[in-house]
């Protein structure tokens, strides 16, 4: 993810957190990616009321001043990007998962996901990806509900996870599908 040392990333996180809080938003995550002149510091902010362009601009201005003064990032040029984590936000920290309880999430793992004991499968599936409602999360494990089964996934095998956007108005989804079908019929 980054060619910065852990102490530098921790300092960046602390500064970004302070600026975000001062601007009335929360630091959701940050990442430092790229090499040479293509390096980017991405700071993701969040708020219960949503994130506006003004929120991003204010955090960007405040953080830029501190980063220039402290000169934390070695080797010169980098680009600073401030944004919302988005609707299909990544889940990386325990509090991200806890905040996402009740939502549909997709989890990819480094090992097969243990099949629930009460599962009625004749031959259990060998899954490394599972999508379902997140019903619980802690430092040790996640619990996803899918097809009336609770799948317990050890946190140590989670490779990647994110919220899945579900249109709150499924009527829109049907209209889009019907338009596609009608176009095919017209040809």
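FYI, it's all coordinate maths here, none of it is from the lab. Everything quoted here is computed from the prediction, not taken from an experiment. Please note: Cβ atoms are built from the backbone with ideal geometry, for glycine as well, and neighbour counts cover all protein chains shown.
Structure data summary
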read-out: The range 6-83: relative contact order as a whole-number percent, Cα under 8 Å and 6+ apart; value: 34 percent
read-out: Exposure proxy order (Cβ contacts within 10 Å, fewest to most) of 5, 26; value: 5, 26
read-out: Residues 70, 29, sorted so that the one with the fewest Cβ neighbours within 10 Å comes first; value: 70, 29
read-out: Descending principal axes extents, the range 94-163, alpha-carbon based, whole Å; value: 36, 24, 18
read-out: Over the chain, relative contact order from alpha-carbon pairs under 8 Å, at least 6 apart, %; value: 17 percent
read-out: Neighbour-count ranking [beta-carbon atoms within 10 angstrom, fewest first] of 84, 6; value: 6, 84
read-out: Compactness relative to 2.2 N^0.38 Å, alpha carbon Rg of the chain; value: 1.29
read-out: Expected 222 nm ellipticity per residue - DSSP helices of 4 or more, -39500 (n - 2.57), all of the chain, to 500; value: -10000 deg cm²/dmol
read-out: Crossing angle, helix 170-186 versus the chain [Cα axis fit, 0-90 degrees, rounded to tens]; value: 70 degrees
read-out: Largest-first principal axis extents of the Cα set of the range 6-83 (Å); value: 37, 20, 20
read-out: Separation of alpha-carbon centers, the range 124-148 and the range 61-115, rounded to whole Å; value: 21 Å
